[in-house]
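> I have a structure I would like to understand better, so I am pasting it below and will then ask my questions one at a time.
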Amino acid sequence: MTGRGVVRAAWLGPALGILLHGCVVGGKPTVELGGEAQPLVRPHVTTLLPPGGAVGGWSSDGEIREFAGRKIFDFIDGAAEVHLTYNFITVATADYLNEKDRYMTVSIYQLADPADAYGLNSYYSPVQGRPVDVGYDGKVRTGSCRYWKGPYFVAVEGDPLAELDGAAEAFGQWVAERIPDSCPPPEMVSLLPEGGRKTQPPIFLHKPLILSGLTFQAVLVDPASLKLNERTDMVAADYEGGFALSITRYPEADAARQAAEVYGPLLSRGAMLAQQRGCYLVATTSASNPAHTVFAEALNRLKP
């Protein structure tokens, strides 16, 4: 934080049509009650912030603040565009102090749907963080806790001290318990083979901006040449053996074919692997034997 109330980019670092307790049925969020799908009323972000005293030893410091739409530029210094690529709606944030004058800030971001919340968390999830059972893909690291649940990405940030890990986790858990959704990750994540996968959670994105901020090289070409936009979905992960695998879903097979042609020169030199299958494009950043194995498994997971 730069003081309190403005997030500094350096801290940030680099629909399924089924019913599953708060997922999507026919395009609308539902929850299963008494064996039947009922409309799910999601709480507003401001109501999910802990009151003073909710976590022992911590009191509120100032008022709750909310930044909707492009007002996020008034909150985040240098990384607001990343949030907008994930269909950002609004964020509510509040500060807390303990008796030692240590601070903790809780920020709750609401995205358009759970897939986007997963994606934003996958981008900001600390590589060296310690996994915790808070929300989904929760991690704690030196006074911070981040996770996603439903259409929300939750970021708890305190003074960067390991002694505050417990408090950061407690703040995160308080919020998670009040989010009714219980959705799985985007279905495309299941297309990435698990064996040898280093990136946890795998990256999910729509637009090329995200690729430039990853801690690993996900593609070997200019991301802009792949024609990624709000109608495309990509998952990517780093693997043991020094290569990455990406799977991109385009709205039409012709768009996937055109993107595959971008890899032509690299394929002719044997520098990588790439193949179109319907609306999907699967690619690696290497043509090594381990890359061949993972590439083949990914292709087998795609629907014919």
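> Among Val154, Val132, Val140, which is modelled with pLDDT of 95 or more, in contact with a Gly (Cβ under 9 Å, 6 or more places away or on another chain), farther than 12 Å from Pro202 by Cα and surrounded by fewer than 22 Cβ atoms within 10 Å (Cβ to Cβ)?
Val132
Yes/no matrix, rows are residues, columns are (1) under 19 Å from Ser60 (Cβ atoms); (2) of a type outside the set (Val, Ile, Thr); (3) not in a helix (DSSP H, G or I):
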| site | (1), (2), (3) |
| --- | --- |
| Ala155 | yes, yes, yes |
| Asp165 | no, yes, no |
| Ala168 | yes, yes, no |
| Phe171 | yes, yes, no |
| Trp174 | yes, yes, no |
| Ser182 | no, yes, yes |
| Ser190 | no, yes, no |
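> Considering (1) touching a helix residue (DSSP H, G or I) at 6+ places or on another chain (Cβ under 9 Å); (2) of a type in the set (Asp, Glu); (3) crowded, with 20+ Cβ neighbours inside 10 Å, say which one Glu169 fails and leave the rest.
Exception for Glu169: condition (1).
> Could you identify the single residue in Asp137, Asp133, Asp95 that is farther than 27 Å from Thr232 by Cβ and either part of a strand (DSSP E or B) or of a type in the set (Ser, Thr, Tyr) (or both)?
Step by step, each of Asp137, Asp133, Asp95 is checked, and only Asp95 is farther than 27 Å from Thr232 by Cβ and either part of a strand (DSSP E or B) or of a type in the set (Ser, Thr, Tyr) (or both).
> Now a separate question. Just checking, does segment 1-24 include any residue being at pLDDT 95 or above and in contact with a helix residue (DSSP H, G or I) (Cβ under 9 Å, 6 or more places away or on another chain)?
Checked segment 1-24: no residue is at pLDDT 95 or above and in contact with a helix residue (DSSP H, G or I) (Cβ under 9 Å, 6 or more places away or on another chain).
> If the requirement is being farther than 15 Å from Phe153 by Cα and crowded, with 20+ Cβ neighbours inside 10 Å, which of these qualifies: Val127, Val106, Val55, Val41?
Val55
> Also: Among the residues of segment 98-130 satisfying the criterion of being assigned to a strand (DSSP E or B), out of contact with any Pro (no Cβ under 7 Å at 6 or more places or on another chain) and of a type in the set (A, V, I, L, M), which is farthest from Arg65 (Cα to Cα)?
Here the residue is Met104.
> Mind checking which residues of segment 207-235 are under 15 Å from the mean Cα position of the chain (by Cα) and under 19 Å from Leu302 (Cα atoms)?
Asp233, Met234, Val235
> I would also like to ask the following. Select from segment 41-73 the residues that are acidic (Asp, Glu) and within 26 Å of Pro114 (Cβ to Cβ) and list them in ascending order.
Glu66, the sole residue that qualifies.
> So which residues in segment 55-71 are within 27 Å of the chain's Cα centre (by Cα) and outside any helix (DSSP H, G or I), if there are any at all?
Within segment 55-71, Val55, Ile64, Arg65, Glu66, Phe67, Ala68 meet the criteria.
> Testing Thr47 on (1) assigned to a strand (DSSP E or B); (2) of a type in the set (Val, Ile, Thr); (3) more than 28 Å from Ile203 (Cβ to Cβ), one condition comes back false. Which one is that?
(1)
> Test Ala271 against the criterion of being under 21 Å from Gln217 (Cα atoms) and either among the small types (Gly, Ala, Ser) or at pLDDT below 95 (or both), and give yes or no.
yes
> Under 7 Å between Cβ atoms, which residue pairs at least 6 apart in sequence (or on different chains) link something in segment 153-169 that is assigned by TED's automatic domain parsing to the domain that holds Arg42 with a partner that is exposed (fewer than 13 other Cβ atoms within 10 Å of the Cβ) and at pLDDT below 95?
none
> Still on this structure: Restricted to segment 72-89, and to residues that are crowded, with 19+ Cβ neighbours inside 10 Å and either within 14 Å of the chain's Cα centre (by Cα) or not assigned by TED's automatic domain parsing to the domain that holds Tyr109 (or both), which residue is farthest from Leu209 (Cα to Cα)?
Checking each candidate, the answer is Phe88.
> Applying the selection to segment 256-304, what residues are part of a helix (DSSP H, G or I), more than 20 Å from Pro202 (Cα to Cα), more than 25 Å from the chain's Cα centre (by Cα) and of a type in the set (A, V, I, L, M, F, W, C)?
Listed by number, the residues that qualify are Ala260, Leu266, Leu267.
The values are calculated or read from the model by the stated rules, or taken from the named source; none is laboratory data. If you're wondering where the values come from, they're calculated on a predicted model, not measured in any experiment. In this analysis, Cβ positions are derived from the backbone assuming ideal geometry, glycine residues included, and neighbour counts consider all displayed protein chains.
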